[in-house]
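Below: the structure, in structure tokens.
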Amino acid sequence: MRTAEITRNTNETRIRVAINIDGTGAHKLQSGVPFLDHMLDQIARHGVIDLDVYCEGDNHIDDHHSVEDIGIALGQAFAKAIGNKAGLRRYGHAYVPLDESLSRVVIDFSGRPGLFYDVPFTRARIGQFDVDLAREFFQGFVNHAMATVHIDNLRGENAHHQCETVFKAFGRALRMALEHDPRNEGVVPSTKGVL
């Protein structure tokens, strides 16, 4: 079983994240940011990854530290659960529509962190959620999962739909990239021999 649990405590947040990459999509989400819980639900369900997230953050200031630090802890958990990446498919991609919105996410568990993000949100807030924080979440994730991730919202008019298609596509791309490749069993998928 590819599982990991990460505890991250700072002056701004207290976080525990547990994942099971080979799970069923079961999830328990208490981020302190309701819209983020909704987005994490998309990752768990569409990635078919068990996900348990708990965060006590300084939300009286704003949600920035909680959202970013959850991304960091989640990235650390994936890096730990994946291990040396032998037998991993490594690459994943997904296109996901939701009504008028369409997003594409492409992932490479390359060992090189990089986020390439083009999501032209049509408004600045979704309820109480500042849309800038979506990028902060993914930046934290890629920096600590050591992955290259391209995220593009190709079209959309409703900011909620735009964000939801991004997180759904991210979950589906994760699922593909993290699958075992039976033709590559025990081999790291790189000409370098390491990732």
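Over all pairs of distinct alpha carbons, what does the Kirkwood formula give as the hydrodynamic radius of the stretch 1-158, in Å?
16.0
Can you work out ³J(HN,Hα) from phi for every residue in the stretch 35-52, in order, using Karplus 6.51 cos²θ - 1.76 cosθ + 1.60 and θ = phi - 60°, giving whole Hz and x for Gly and Pro?
5, 5, 4, 4, 6, 5, 4, 4, 4, 4, 5, 7, x, 6, 10, 6, 9, 10
What does the charge dipole of the chain about its Cα centre add up to, to the nearest 20 debye, if the Cβ of each Lys and Arg holds +1 and the Cβ of each Asp and Glu holds -1?
820
So what is the calculated 222 nm ellipticity per residue for the chain, using -39500 (n - 2.57) for each DSSP H run with n of 4 or more, over all residues, to the nearest 500 deg cm²/dmol?
That calculation yields -11500 deg cm²/dmol at 222 nm.
I need the peptides 112-125, 146-159, 166-179, 3-16 ranked by packing, meaning the mean over residues of other C-beta atoms within 10 angstrom, with the highest value on top. Mind dumping the intermediate values first?
Details: 112-125: 13.5, 146-159: 19.4, 166-179: 23.4, 3-16: 15.6.
Highest to lowest by the protection proxy: 166-179, 146-159, 3-16, 112-125.
Please report, for the Cα atoms of the stretch 84-195, the Rg to one decimal and the Dmax as a whole number; what are they, in angstrom?
For the stretch 84-195, the Cα-based Rg and Dmax read 15.2, 47 Å.
We did not get these values from a lab; they are worked out from the coordinates using the rules stated. Small disclaimer: the values here were computed from a predicted structure and weren't measured. All Cβ positions, glycine included, derive from the backbone under ideal geometry; neighbour counts span all protein chains shown.
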